[in-house]
Structures are given as C-alpha cells and as structure tokens.
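What follows is a set of notes on a single structure, which appears directly below.
Just so you know, all these numbers are worked out from the coordinates, no wet-lab data involved. These numbers were taken from a predicted model, which means no experiment stands behind them. Positions of Cβ are backbone-derived with ideal geometry, glycine not excepted, and every protein chain shown enters the neighbour counts.
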Amino acid sequence: MAESKLENEQLEVLNILKNFDSDPSELIHCLQTIQNKCGYVSEFAVKQISQKLNVPESDVFSVVTFYSQFTLKPKAKYNIEICMGTACYVLGADKSLKKFENKLGIKLGEQTLDNKFSLKQSRCLGCCGLAPVVSINGKIYGKVTEDKVDEILDELV
C-alpha cells in the first residue's frame, strides 16, 4: 500500500511538471505547486524539478530548505505550533510544550510515527492577548495551560 502511495506521488509530480516550461525562473512556482498538491517536496520531486528546469539539484534543495513554506517530508495530520514569543513564554508556554511532548511522545521538531501529530514552535503568532497560544493547522487556541493540553488533544482524536 505504501508503495502505491509513493508511485501516485511520483506520478503526480511528473504530471505537475508537464505544465512548466524548462525555465529556471519557474522554480518557486513549481515548488509551490508541488508542495500544495503533494503536501511536501520529496527527494524525487527535487530531482525531477532539477532536470525539468535545468537547475542543479543543490540549488533546488537550497531553495526548499531556505523558505519555511516548503518541507521535505510529509506533514502530519495535525501540525501543532506552540508560540514561544515573550508574552506566551512568560505565561507558561514552555510548560504546555512539555505536556504536549510527554503526551505525544515526541520532541519539538518531530512528528509521531503514524504522522498524526507534529510539534514545532513559533516566535509569535500575533495573538498576545490570548497568551499562551497554540495553533493547530491554523486554528488558534488561546490561554493554553498544561491542563488544557489534554482537552485539546481529546478534541483532535
């Protein structure tokens, strides 16, 4: 089953690339299209883009790793982002982060083996009045204490 999913992703990349000219200036647009359709930019995609646009693989990889909008691995179903800006940190975001790590069995920057949850931090989510703040797939949760972590995770399962 995993093999057919991989084959489908590779076919998807090849189909997307048919819509692009061999023009290096199309690199960002091409990466965005693949990221949006596949959820990430695979090693296969990097190689195919390199060939299609006549751009060295190292340059494609550099762009993918420079811009935070791109990822080299599939995203989790639930992407949990803990704000560690000043207001959130002072009000206990570090404690909520530890609770998420313990409950999910992962550390910051990791995702669960089943790809259900990932955990990352942000410097500011722009909701200081709701501090400490957590964003899950773009949905904002405010005043997140250690006690609210269980409630939030239960809502997602």
| message | Full-extension gain between residue 54 and residue 140, please, as 0.36 nm times their residue separation minus the C-alpha to C-alpha distance. | response | 26.8 nm
| task | Might you report the magnitude of the Cβ-based charge dipole of the stretch 2-66 about its Cα centre, with Lys and Arg at +1 and Asp and Glu at -1, to the nearest 20 debye? | result | 100
| Loop-resident sites, the stretch 110-153, for trypsin sites (Lys or Arg not before Pro), counting at most 15 other Cβ within 10 Å (DSSP) | 116, 123, 143
| query | Applying 1/(1 + (r/R0)^6) with R0 = 41 Å to the Cβ-Cβ distance of residue 112 and residue 21, what FRET efficiency is obtained, to the nearest 0.05? | reply | 0.55
| task | Excluding residues on the same chain fewer than 8 positions from residue 139, give the lysines whose Cα lies under 18 Å from its Cα. | result | 75, 77, 116, 120, 148
| request: Take every Cα pair under 8 Å in the stretch 2-66 that's 6+ residues apart, average their separations, divide by the length, and report that relative contact order as a whole percent. | output: 34
| remark: Computed over the chain: longest principal axis from alpha-carbon atoms vs helix 27-38 long axis, angle to nearest 10 degrees, is 60
| Which of the trypsin sites (Lys or Arg not before Pro) across the stretch 20-92 are loop residues per DSSP, with 10 or fewer other Cβ within 10 Å? | none
| task | Please work out how much length the chain gains when fully extended from residue 44 to residue 120, using 0.36 nm per residue of separation minus the C-alpha to C-alpha distance, in nm with one decimal. | result | 24.8 nm
| What ranking do 42, 58 get, fewest neighbouring Cβ atoms within 10 angstrom at the top? | 58, 42
| query | Which Cys residues of the chain have no other Cys beta carbon under 4.7 Å away? | reply | 30, 38, 124, 127, 128
| Taking only Cα atoms, what is the 0 to 90° angle, nearest 10, from helix 93-104's long axis to the longest principal axis of the chain? | 70
| task | Work through the residues other than residue 57 whose Cβ is under 11 Å from its Cβ and net out their charges, Lys, Arg +1 and Asp, Glu -1. | result | -1
| remark: From DSSP H assignment alone, runs of 4+ in the chain each adding -39500 (n - 2.57), the sum over residues rounded to the nearest 500 puts [θ] at 222 nm at -15000 deg cm²/dmol
| query | Mind checking the angle between helix 57-66 and the chain's longest principal axis? C-alpha axes, 0 to 90 degrees, to the nearest 10. | reply | 20
| query | Modelled label-to-label distance, residue 77 and residue 29, 7 Å Cα→beta-carbon offset: nm? | reply | 3.6
| field | Taking the chain and dividing mean pair separation by its residue count, relative contact order in percent (alpha carbons under 8 Å, at least six apart) | value | 18
